[in-house]
Amino acid sequence: MSTFLEREAGRLWDRNLLLEKENLELRLKIDALDETIQDLRSQNRPKLSESDVEEIRRFHRTARLTNQELADMYSVHRTTISRIIAGVYHQ
């Protein structure tokens, strides 16, 4: 007959194995999400040419288009447009 301590040790051992399995599953999910994030980041940010930048600045001055309208036209974020206009990007 097993003692209370032996039974408790066996229960704790089983619980530990279960937690290790859950931990491994979560780590695999995190790794998969990290890969997905990296893939999305590599697809992000289409490059703008110098002529695109000149057009953006010209449209902003003459056509008075909003940053969002320009961003939609060039498939970039409106913050990118704002930074181009301010001279932070493509000085």
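The values are calculated or read from the model by the stated rules, or taken from the named source; none is laboratory data. Not measured: the values here are computed from a predicted model. In this analysis, Cβ positions are derived from the backbone assuming ideal geometry, glycine residues included, and neighbour counts consider all displayed protein chains.
Residue by residue, here is whether (1) among the polar types (S, T, N, Q); (2) at negative phi; (3) exposed (fewer than 10 other Cβ atoms within 10 Å of the Cβ) holds:
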{"site": "PHE4", "(1), (2), (3)": "no, yes, yes"}
{"site": "THR36", "(1), (2), (3)": "yes, yes, no"}
{"site": "GLU55", "(1), (2), (3)": "no, yes, no"}
{"site": "MET73", "(1), (2), (3)": "no, yes, no"}
{"site": "SER82", "(1), (2), (3)": "yes, yes, no"}
{"site": "VAL88", "(1), (2), (3)": "no, yes, no"}
Just one of (1) touching a helix residue (DSSP H, G or I) at 6+ places or on another chain (Cβ under 7 Å); (2) in a helix (DSSP H, G or I) trips up ARG61, so point out which.
(1)
Hey, any hits in the stretch 29-49 for a residue that's at pLDDT below 95, within 30 Å of ILE85 (Cα to Cα) and small (Gly, Ala, Ser)?
yes
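Could you count how many residues in the stretch 19-58 are hydroxyl-bearing (Ser, Thr, Tyr) and either outside any helix (DSSP H, G or I) or in contact with a helix residue (DSSP H, G or I) (Cβ under 9 Å, 6 or more places away or on another chain) (or both)?
Within the stretch 19-58, residues that are hydroxyl-bearing (Ser, Thr, Tyr) and either outside any helix (DSSP H, G or I) or in contact with a helix residue (DSSP H, G or I) (Cβ under 9 Å, 6 or more places away or on another chain) (or both) number 1.
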Restricting attention to the stretch 64-91, report how many residues are within 21 Å of ARG41 (Cα to Cα), part of a loop (DSSP other than H, G, I, E, B) and free of Cβ contacts under 8 Å to residues at least 24 places away in the same chain.
1
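Taking ASN16 as the residue in question, decide whether it is in a helix (DSSP H, G or I) and either over 26 Å from the mean Cα position of the chain (by Cα) or in contact (Cβ under 8 Å) with a residue 24 or more places away in the chain (or both).
Taking the combined requirement at face value, the residue satisfies it.
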